[in-house]
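Q: Sharing a structure, written as structure tokens. Questions coming.
The values are calculated or read from the model by the stated rules, or taken from the named source; none is laboratory data. In this text the structure is predicted, and so the values were computed from the model without any measurement. Because the Cβ atoms are built from the backbone with ideal geometry, glycine has one as well, and the counts that use them run over all protein chains shown. In case anyone asks, the SASA skips ligands and DNA or RNA and just uses the protein heavy atoms, side chains included. Shrake-Rupley method; radii C 1.70, N 1.55, O 1.52, S 1.80 Å.
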Amino acid sequence: MPSTYVITGASRGLGAEFVRQLSKKGDIVIACARNTAASEDLAALVDNKTVYAVDLDTVNPESIKAAVARIEQLAPQGIDTLINNAGIAGSRDADATNTTAEEYKKVFDTNVIGTSDVTQAFLPLLRKASTRRIVNITSVLGSITLANAMFGPSYRIAKAAENMLGKLFAETLAGEGFTVLNVHPGYVQTRMGGKDAHITPEVSIRGMLSVIEGSTKESNGTFVDYEGKSLPW
Ligand SMILES: NC(=O)c1ccc[n+]([C@@H]2O[C@H](COP(=O)([O-])OP(=O)(O)OC[C@H]3O[C@@H](n4cnc5c(N)ncnc54)[C@H](OP(=O)(O)O)[C@@H]3O)[C@@H](O)[C@H]2O)c1
């Protein structure tokens, strides 16, 4: 029985690779991106039978509303899994002594509020099915235990907040049988990770799909990496 996935930020990078691997497995994939028409990576995967493209800008409430309405038509039976993948890196030049308010707001808007708004908007469609799975692609850079002064504070702090957001959704929705996961994809060769990153998108997504598909209600509220290893908050 194919599973229905909604993925945000599917224009390129990890999002597009999620679409590629899930479609090969025979799942129904609803690939959301800010501008689907401008994404060549995505266009090559869309067949409008099992892979659909839907415009969704995660920081624009009207865009979220329109996307949910379109997906209700595509999946009237509901969706099984929402993957909150869209994210931005922010500035890597600043440190905690000089990061600006604008920088914090921009990164928080996408990586935290966007994830929250999208998740809230898709809850009715998730509740229609029994799987009830939400996956936030967060980062080990959001771990307070493992923190150091490298990389931009805006990204680290927003990813720490996104981890908390996932944990709170997990706690709040546990009674309804939801499984909410915070997953670190590894250090991956994408536009964000750069070419010197440790692993390919193919390896990262293969690992994350194994973690996601193998998750149970006991996995609710966990923070793990693409190999399923538990990470400290
Ligand atoms: N690569 C790594 O090493 C790494 C490590 C840890 C965590 N992550 C996380 O993994 C996720 C995917 O990252 P990636 O490496 O694939 O980065 P990427 O290649 O830069 O891709 C980011 C994706 O997010 C989309 N996006 C950004 N803002 C959006 C918005 N407002 N609405 C909709 N889509 C939006 C981008 O769309 P556009 O094409 O429209 O810009 C793009 O599809 C992110 O959440 C990131 O924080 C990545």
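Q: For segment 4-225, what's the relative contact order in percent, using C-alpha pairs closer than 8 Å and at least 6 residues apart?
A: 18 percent
Q: Any idea what log10 I(q)/I(0) is at q = 0.10, 0.15, 0.19 Å⁻¹ for segment 105-233, Debye with uniform C-alpha scatterers and no solvent?
A: Values returned for q = 0.10, 0.15, 0.19 Å⁻¹ are -0.31, -0.71, -1.13.
Q: If you don't mind, another one. Relative to the present Cα-Cα distance, how much length would full extension add between GLU102 and LYS128 at 0.36 nm per residue of separation?
A: Length gained, GLU102 through LYS128: 5.5 nm.
Q: Shifting gears a bit: Which stretch or stretches of segment 97-125 have amide N atoms under 17 Å from the point lying 7 Å from MET164's Cα along the Cα→Cβ direction?
A: Correct set: 104-117.
Q: Under 5 Å between amide H atoms, partner at least 5 residues away or on a different chain: which partners does VAL54 have, H built in plane at 1.01 Å?
A: Distant-sequence amide H within range of VAL54: ALA31, CYS32, ALA33.
Q: Here's something else I'd like to know. Would you mind getting the accessible area per residue of the chain, heavy atoms of the protein chains only, 1.4 Å probe, in Å²?
A: Ligands and nucleic acids excluded, the figure is 47 Å² per residue.
Q: Something else about it: Per residue of segment 228-233, in order, report the coupling 6.51 cos²θ - 1.76 cosθ + 1.60 (Karplus, θ = phi - 60°) as ³J(HN,Hα) in whole Hz, putting x for Gly and Pro.
A: Working through the residues one at a time gives x, 6, 5, 10, x, 5 Hz.
Q: Let me ask you something else. Three principal axis extents, largest first, for the C-alpha atoms of the chain, in Å?
A: 49, 40, 34
Q: Hey, what do the phi angles of segment 25-35 turn into as Karplus ³J(HN,Hα) couplings, whole Hz, using 6.51/-1.76/1.60 and θ = phi - 60°, x for Gly and Pro?
A: Values, residue by residue: 6, x, 7, 8, 10, 10, 9, 9, 8, 3, 9 Hz.
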